[in-house]
Every structure is written in structure tokens, then in C-alpha cells.
1. Run down S324, S337 and say which single residue is of a type in the set (S, T, Y), out of contact with any strand residue (DSSP E or B) (no Cβ under 8 Å at 6 or more places or on another chain) and surrounded by fewer than 16 Cβ atoms within 10 Å (Cβ to Cβ).
2. If you scan segment 45-80, which residues turn out to be under 15 Å from the mean Cα position of the chain (by Cα) and either within 8 Å of ligand 1 (Cβ to nearest atom) or outside any strand (DSSP E or B) (or both)?
3. Could you run through segment 193-204 and say how many residues are surrounded by 21 or more Cβ atoms within 10 Å (Cβ to Cβ) and within 22 Å of F62 (Cβ to Cβ)?
4. Out of all the residues in segment 85-96, which are in a strand (DSSP E or B) and either in contact with a helix residue (DSSP H, G or I) (Cβ under 7 Å, 6 or more places away or on another chain) or among the aliphatic types (A, V, I, L, M) (or both)?
5. Assuming M83 fulfils every condition listed in (1) in contact with a strand residue (DSSP E or B) (Cβ under 7 Å, 6 or more places away or on another chain); (2) more than 16 Å from ligand 2 (Cβ to nearest atom) apart from one, which condition is it?
6. Across segment 236-283, which residue is nearest to the chain's Cα centre (by Cα) among those that are assigned to a loop (DSSP other than H, G, I, E, B) and more than 16 Å from ligand 2 (Cβ to nearest atom)?
7. Residues in segment 190-211: is at least one in the same structural domain as H116 (by TED's automatic domain parsing), in a helix (DSSP H, G or I), in contact with a helix residue (DSSP H, G or I) (Cβ under 7 Å, 6 or more places away or on another chain) and without any contact (Cβ under 8 Å) to a residue 12 or more places away in the chain?
8. Would you tally the residues in segment 124-144 being part of a loop (DSSP other than H, G, I, E, B) and free of Cβ contacts under 8 Å to residues at least 60 places away in the same chain?
Amino acid sequence: MNDYNPFPQDLSSLHDKISDNPFKNYTIRDYQEIGKKYDLFLSEASVAYQKGKSVLHNISLFLKPGEILGLIGGSGAGKSTCMRVMTGQIKPPQLTHGFAVTAGYRAVRDNLKLIHQIGYVPQLEYLSLYEQFSALDNCLFFGRNYCISKKQILKRAREILGILGFENEELLNKPVKYLSGGERKRVSIAVGLINTPKVLFLDEPTTGLDPHLRIGVLNFLLKINKEFNTTMVIVSHDLEIADYCTKVAILNFGELAGFGKPKDLVESLPSHGKMLNIHLKSYNSRIHLRKIKEIAGIRYVLNAGRNQIKLFSDEIENLNLIISQLREIGLEIEHFSLDQAVFLEYFRIKGKHIEGV
Ligand SMILES: Nc1ncnc2c1ncn2[C@@H]1O[C@H](COP(=O)(O)OP(=O)(O)O)[C@@H](O)[C@H]1O
Ligand SMILES: [Mg+2]
């Protein structure tokens, strides 16, 4: 299902080198060239935790400095595994094919260098933050792992926490256990940023937060991205993150169902994403769906609430023909409009196996 160009054009000369064993065919210089252009470069990665049981198949993704990737997929789709490959935590034989270059370094082989250039915000901060420590003390504790002086860490921690909305001394010095869910998440983000990483990985940073807090966290991430040009990988099953990302990747059972700019993905739909939005007098998918799909050119039909459908066709410009064919199969049309699809519709078509859609 990889219907996108799997390799960036500016490195096309390197592409020819990929063969059955990419571990052998690249030179250190090649990886350096990749690392100079891309903050994240995942090439044809496949993972099997147990022999023969592949959970990630042939995933290629790339991000330039300052980009934000939304890695979207249902539970068990392989999002965390993908992130583990990018951060060098999965190596052969579990990594059965492919490689990652992250923040300028080859994952696994150059992990000691790589680790200083990345930050990680885990899904469950209650397992990673020290609850009895304050926001500042957590930053200090974790910052010490990077051989940075206490003074430098505190300066950096105050700067980041300031951007993240920790404006007063009380909040900075209160034990984390007394903070709200959204505040804790922001402390966890500050800890992930304490070593000034080039690339920040966030595993489900918005899961479990109330809608307004989710938007709040995403807005804070955008602020950080603007301030420090931090490249980000945000794992999520919330579609709203697409609005905050320069690129999105959709994982379906370990396969990449789509990768690119949200707008480009939408425009890859039939007729560049122009869809017919139809309100019907009555609609029963059991009776009508099959007949609608038989109409020439119709590619996708989405249910969109009570008696409303959205049609994608290769021949959307033949509006009148489609409408008359719908009438022929017994549908009474109340009104319709020709609209541009948004990412949600793209996702409903391509990410079929994700729950809740
Ligand atoms: N350490 C592991 N050992 C064996 N199987 C694993 C391990 N981690 C994840 N898996 C399996 O790999 C698949 C993908 O998991 P994961 O990457 O955690 O998905 P996601 O983060 O999208 O929920 C799942 O089927 C999961 O059960
Ligand atoms: Mg996960």
C-alpha cells in the first residue's frame, strides 16, 4: 500500500545502493550525507520481535530539520516500535531490514552519540518523573545524565518551563504530585528537552488529556518547535495532531498507509480531494452502498452522519451525471455541495483499521 515516493529525490544517487542488505551497502560518508540533510531518515525498516512474526513492514520516513511528524495509528499498529527503531533501541536480528539515521547519527551503531542529540517524552509520566520532586528538580536530576553543569541545567529548565507556561516560582517548585495532568505532561516535555535535543520524540503526549488540554499541549509543542527549531515525532491516535504537523505517517497493522504533508495526502484522493457532499431524504447503507459503488468512477463512499454521504469519484466534474445516477437507484437528494476534503476524510479512507472512526 506504499503509494508514495519511498525515497527523497535529493538523495536519489544513494537510493540505487539499497539492495537486499542495506547494512552492507552504505558507507559512513553516505550516512553523513543523509544526516546532513535529514534529522530523521528511516529507510525500509522491518521489525520482527519473534522470528517470522513481522510487526513493522518496510517503513520509510524522512524529516528535515524543524519538521514535525505525526505518527498516527491504532493500538498495536507499530507506532512505538517505529519510534524504537528511530531511537536505536531495536537492533538486528529484531530489526530484520533497513536502518535509521537520527539527528545525524546511524541508529544502533552510533547510539552513544545519537542519545545526546535526542529527547524522549514517554507516554506515562508517572513512571518517569519523580513525583516528590518539583519541575525544576526533575529537570536537574535528568539533566545530570548529560554532563551539563547545574547552573546551565537550571537556566535551560527555567527557559523551557517558561515557554511551557510555568510562569511563577510556586509552580516551578511544587512537587510534581500536586500538579494537574496537563502540567505534569509539560514537566515531562521539559525533561525531554533538557539536553537541547535536535529531535524530540513524544509517545502519545495528548492521550488521556481533556480536549482543551490536548490543544494546549500541542500549542506548547509548536512554541518549542518555533523557538528552538526542534524536529519532533509525535505518536498519537488523535487525528487533531495533523493540524500541527508538517508531515503525517499513518500506520495500519505495521504497514505505512500514507506519508506526506497532510494537504498533499488529501490531494492524492480522487479528483484532488474534491468530494460530493450529499444530504439525502433517507439513506440506508445496507441497501444503497453497493449500488452507489457500481456507479462509474465512484471510488469511495463515506457515511457522514444521518442521511448524509460523501462521494469520491475520478469524474467528479460530471456532477450532473452522478446526481442523475443516484436518483436512478432510488435516492432522493435534499441538497448537495462540492467540497474539498480535509485530513479526517483522508484518514477515514486510508486508516480504515483504526478504532473509533
Ligand atoms: N517487546 C515486544 N515483544 C513482542 N511483541 C511486541 C513487543 N512490543 C510490541 N510488540 C507487538 O508489536 C506490535 C506493535 O506494537 P507497538 O509498536 O507497541 O504498537 P503501538 O505503539 O502502535 O500500539 C503489537 O502487536 C505488539 O503486541
Ligand atoms: Mg505505543
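The values are calculated or read from the model by the stated rules, or taken from the named source; none is laboratory data. The model shown is predicted, which means the values in this text are computed figures rather than measured ones. Positions of Cβ are generated from backbone atoms using ideal geometry, with glycine treated the same way; all protein chains shown enter the neighbour counts.
1. Within the list S324, S337, the selection yields S324.
2. Listed by number, the residues that qualify are K64, G66, E67, G73, G74, S75, G76, A77, G78, K79, S80.
3. 6
4. L95
5. Evaluating M83 over (1) in contact with a strand residue (DSSP E or B) (Cβ under 7 Å, 6 or more places away or on another chain); (2) more than 16 Å from ligand 2 (Cβ to nearest atom) leaves (2) as the failure.
6. Going through segment 236-283, the residues assigned to a loop (DSSP other than H, G, I, E, B) turn out to be 237-238, 245-246, 253-254, 261, 268-269, 281-283.
After this cut, where a residue has to be more than 16 Å from ligand 2 (Cβ to nearest atom) as well, the list is 245-246, 261, 268-269, 281-283.
Values: C245: 8, T246: 10, K261: 11, S268: 18, L269: 20, K281: 38, S282: 37, Y283: 35 Å.
Checked segment 236-283; the qualifying residue nearest to the chain's Cα centre (by Cα) is C245.
7. no
8. Taking segment 124-144 and keeping what is part of a loop (DSSP other than H, G, I, E, B), we get 124, 129-133.
Pick out the ones that are also free of Cβ contacts under 8 Å to residues at least 60 places away in the same chain and you get 124, 130-133.
Total meeting the criteria: 5.
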